[in-house]
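Notes to accompany the following structure.
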Amino acid sequence: MSHRPEADCFEAVVDGLRSECAYRLSPGLVTIFHTGVPRALQGRGVAAALVATALAWVREQGLKVRPSCSYVALYMRRHPETQDLMEKN
């Protein structure tokens, strides 16, 4: 996993295939809007690892998250320890 802040994403290259978790940064908030994993890598935990890495970064930065990607929203529902990162409405 690597963070590419110049591209606003986290990425992983597995078996020569690139996966990403893309975000938009605004003051105090990270909107994660896309998690993409090639079909050949699906079911191998790549998306979960990308999202976990992204959320750890959000926590380190003291930011909140707006999960506009359905996978990120599902991940956060399944991992209650991430709920404190959720943007307050």
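Within the stretch 63-80, residues that are exposed (fewer than 15 other Cβ atoms within 10 Å of the Cβ) have Cβ atoms under 7 Å from residues that are hydroxyl-bearing (Ser, Thr, Tyr) in these pairs: 68/31, counting only partners at least 6 apart in sequence or on another chain.
Taken over the stretch 8-56, residues that are among the small types (Gly, Ala, Ser), assigned to a strand (DSSP E or B) and over 9 Å from the mean Cα position of the chain (by Cα) amount to 4. Contact map, the stretch 25-53: residues that are within 12 Å of residue 73 (Cα to Cα) paired with residues that are open to solvent by 50 Å² or more (accessible area, probe 1.4 Å) and basic (Lys, Arg), Cβ distance under 9 Å, separation 6+ or inter-chain. Pairs shown: 31/24; 31/66; 32/24; 32/66; 33/24; 33/66.
Inside the stretch 5-54, can you point out the residues that are in contact with a strand residue (DSSP E or B) (Cβ under 9 Å, 6 or more places away or on another chain), open to solvent by 70 Å² or more (accessible area, probe 1.4 Å) and farther than 17 Å from residue 68 by Cβ? Within the stretch 5-54, 5, 13, 18, 40, 44 meet the criteria.
The values are calculated or read from the model by the stated rules, or taken from the named source; none is laboratory data. All of these numbers come straight from a predicted model, not from anything done at the bench. In this analysis, Cβ positions are derived from the backbone assuming ideal geometry, glycine residues included, and neighbour counts consider all displayed protein chains. In case anyone asks, the SASA skips ligands and DNA or RNA and just uses the protein heavy atoms, side chains included. Shrake-Rupley method; radii C 1.70, N 1.55, O 1.52, S 1.80 Å.
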